[in-house]
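Colleague: Before I ask anything, let me first share the structure, which is written out below as C-alpha cells.
Quick note: the coordinates plus some simple rules give every number you see, no bench work behind them. Nothing here was measured: the structure is a model prediction, and the numbers come from that model. Virtual Cβ from ideal backbone geometry, glycine too; neighbours counted across all protein chains shown.
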Amino acid sequence: MDLGTIAKHSTLHAKPSGLILQYGTAGFRAEAEHLDHVMFRMGLLAVLRSKQTKSTLGVMVTASHNPEEDNGVKLVDPLGEMLAPSWEEHATCLANAEEQEILRVLANILEKEAVDLQQEAFVVIGRDTRPSSEKLSQSVIDGVTVLGGQVHDYGLLTTPQLHYMVYCRNTGGQYGKATTEGYYQKLSKAFLELTKQASCSGDGYRSLKVDCANGIGALKLREMKHYFSQGLSVQLFNDGTRGKLNHLCGADFVKGHQKPPHGMEMKANERCCSLDGDADRIVYYYHDADGHFHLIDGDKIATLISSFLKELLVEIGESLDIGVVQTAYANGSSTRYLEEVMKVPVYCTKTGVKHLHHKAQEFDIGVYFEANGHGTALFSTAVEMKIKQLAEELEDKKRKAAKMLGNIIDLFNQAAGDAVSDMLVIEAILALKGLTVQQWDALYTDLPNRQLKVKVADRKVISTTDAERRAVTPPGLQEAIDDLVKKYKLSRAFVRPSGTEDVVRVYAEADSQESADRLAYEVSLAVF
Ligand code: NG1
Ligand code: ZN
C-alpha cells in the first residue's frame, strides 16, 4: 500500500468541509455534487472488504427513487447481499474523515477487520442512468485501483443485476453466468418454461404496460424483451427518451401518491406496472370501468406469490416451512389475510431490505416484500436441490408441479429484490392460474392509508423500537400518537426517520381514506 499515492489521489476527491453523511437504509444518498469523495472512499473500502472476504465485491452507483439530482452508492457483499453492519460503520467513518485522517481511518479498519493486504481484491461496478453516475463511478474505480484492486466495470445496470453478477461470480458460476446475457437467458428460459404450461394464456395475459420511471429499467427491458416475447409482450412508457428520472412517474410516485404515473396510456381494466429508478421495485395497478384507480402493492404481490408457492407444495405433497416477511408499512389487511386466511406465518422487521432478506433466510422458503414493491423469494439450497430431484422422480401432476416450482426458483433473483424478475414471476403466476388483475386485486381490500413526509431540523431525534412501530424518543411522542390513534377505527400509525431522505416519514391507516388522511396529518403535527 503506497500511502503517498493514496493521500495524493484522495486530495483529488476532496471532501466538502463540514459535510457529514451516514451509510443509511441503502448506502449513501445525497445531492450528486457532494458525493465525489464518498465514491472514491467507497472504492477504497470495497478493496478492503474484498480482501477480507477473499471474494468479489460489488459497488452500485444509484439513488434509486430519489430525484435525478441526487446520487448514491452502496456496497454489495459476496453473496449479493447488503454490506455487513460492522462495515457500514466503517463506511460512515471513512466517508466523514477529514483529509488528514484518511490514512489513520484506513489503518484502523485494516487492524480491526484483520485484512491481509497481500490478498488480491476484485470489485465489480454498476451504475444507473443519472447524468452524474458515469463520473461518480469513475471515482469509485480510482479508489479501487489506487489500492491495487482489480475492477470490472459493467457500466449501466439495474441494481438487482449488479447483485446477481456478484452472486454468480462468488458461487463459481453455479447460479448463472455473470453477464447481462446470462441474466437474460436464465430468467427468460425459466419464464418461457412456465408460461408454456399455462392453459389459458389468452391475449389478455400476454401484454403488459410498463412505466420505467425514465430509468435504467427501460434500457434493460428493451434489451431483454426479445428473449421472452413468446410468453409476454411489454409496452414501455417513461422510457427515458423524453422525461426526467422518477419525475411524476415510477413505483415510488405511484405508491406514494396512490395514482397512475404521468405519461402512461391506461385503458379500463388493463394491467399496468411501474418500476423505480434502479428497477428493484415494482407495483401493479389498473383503472376499473368507473375510472377508479386500484393499486396492487408489494403486500399483494407477496400474497399472490406465497399462495401460489403453497399450492404447488400441496400438489407436490411436500410440507416445507414458508414464511412471509413484511415491515411496519405493510397494510393491516394483508397481514390479516396472510395469517388468518392463508395460514402463513408473518414476521415484521425494520425497514430496509437487508433486514427482510436476513429474516427470510431462516425459512425453507422465505417470501419478503416491502409494501413499496421491493422484494423477492428465497429458497434454501436444500429445498432447491430437493425440488429439482423431485421434478425428475415424481410422476404426472406431481412432477408437473415440481417442475413448475423448479422454474419459479430459477426465475426469482435470489440475491436481491428485482422488479424485472418479480414482473416475470407475477406474469407467469397470473397466466398459470388464469387470474385477471381484478381477481388478484380482490384477494383482500386494503385498509385506506396515507404516508406523509415531514421536514424537521434533526430527524435523528426520533428513535424507534418494535420493528419501528413505536417511538422511544423524543419523550411524549409515542403517547401523543397513541392518543390520536384511539380516535379512529381500525387505526394504526407510526413515525420513523427516513434512511434515504432528510425527512421523517409518517404512516397512518384507518377505516376510511378521510380518517387515514386526518390521522396522518395529526401525527405529522405531533412530530414537530
Ligand atoms: P427510507 O427512506 O428509510 O424510508 C426507503 C423505503 C424503504 C427502502 C429504501 C431503499 C419506504 C417507506 N421506505 O427507505 O422501504 O426501499 O428506501 O430504497 O418506502
Ligand atoms: Zn430502487
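Colleague: Quick one: net charge around ILE296, please, counting Lys, Arg +1 and Asp, Glu -1 for every other residue with C-beta under 11 Å from its C-beta.
Modeller: Net of charged neighbours comes to -1.
Colleague: Where does the charge balance sit around ASP466 when Lys and Arg score +1, Asp and Glu -1, over other residues with C-beta under 12 Å from its C-beta? Please list the in-between numbers first.
Modeller: Working: positive: LYS350, ARG469, ARG470, ARG496; negative: GLU468.
With Lys, Arg at +1 and Asp, Glu at -1, the net is +3.
Colleague: I've got another one for you. Find, to one decimal place in angstroms, the Kirkwood hydrodynamic radius of region 3-156, where the mean of 1/r is taken over every pair of different Cα atoms and then inverted.
Modeller: 15.0 Å
Colleague: Follow-up question, since we're still on this one. Mind listing the phi-derived Karplus ³J(HN,Hα) values for region 30-43, rounded to whole Hz, using 6.51, -1.76 and 1.60 with θ = phi - 60°, and x for any glycine or proline?
Modeller: Per-residue couplings from phi come out as 6, 4, 3, 5, 9, 10, 4, 5, 5, 4, 4, 5, 6, x Hz.
Colleague: Have a look at LEU432, ALA302, CYS168 and report the one farthest towards the positive end of the charge dipole of the chain, computed about the Cα centre with Cβ charges (Lys/Arg +1, Asp/Glu -1).
Modeller: With unit charges placed on the Cβ atoms, the residue in question is LEU432.
Colleague: At q = 0.08, 0.13 Å⁻¹, what log₁₀ I(q)/I(0) does the chain have when each alpha carbon counts as one equal point scatterer in the Debye sum?
Modeller: Result of the Debye calculation: -0.51, -1.33.
Colleague: Same structure, new question: Quick check for me: using +1 on Lys/Arg Cβ and -1 on Asp/Glu Cβ, what's the dipole size of region 115-236 about its Cα centre, in debye to the nearest 20?
Modeller: Working: 13 positive and 11 negative charges, 101 e Å.
The dipole magnitude comes to about 480 debye.
Colleague: Turning to a different aspect of this structure: In the chain, what percentage of the DSSP-assigned beta bridges are antiparallel, given to the nearest 5? Let's see the in-between values first.
Modeller: Values: 38 of 68 bridges.
Antiparallel bridges make up about 55 percent of those DSSP assigns within the chain.
Colleague: Quick query: amide H of GLY80 versus all other amide H atoms, modeled in the peptide plane; which residues come in under 5 Å with a sequence gap of 5 or more or a different chain?
Modeller: So GLY80 has HN proximity to TYR167.
Colleague: While we're looking at this one, here's another question. Run through the DSSP bridge list for region 186-296 and note the antiparallel percent, rounded to the nearest 5.
Modeller: On the way: 8 of 17 bridges.
Close to 45 percent.
Colleague: Only Cα pairs under 8 Å and at least 6 apart count here; give the relative contact order of the chain as a rounded whole percent. Each step should come with its number before you reach the end.
Modeller: Details: 1119 pairs, mean separation 65.0, N = 528.
It comes to 12 percent, rounded to a whole number.
Colleague: Note down the net charge around LEU411, summing +1 for each Lys or Arg and -1 for each Asp or Glu among other residues with Cβ under 12 Å from its Cβ.
Modeller: With Lys, Arg at +1 and Asp, Glu at -1, the net is -3.
Colleague: Run the dipole for the chain about the Cα centre, Lys and Arg Cβ at +1, Asp and Glu Cβ at -1, nothing else charged, and hand back the magnitude in debye, nearest 20.
Modeller: Values: 59 positive and 71 negative charges, 85 e Å.
It comes to approximately 400 debye.
Colleague: A further question on this structure: Remind me, relative contact order of region 121-214 in percent, using alpha carbon pairs under 8 angstrom and six or more residues apart? The partial results should precede the final answer.
Modeller: Details: 74 pairs, mean separation 21.5, N = 94.
Relative CO of region 121-214 lands at 23 percent.
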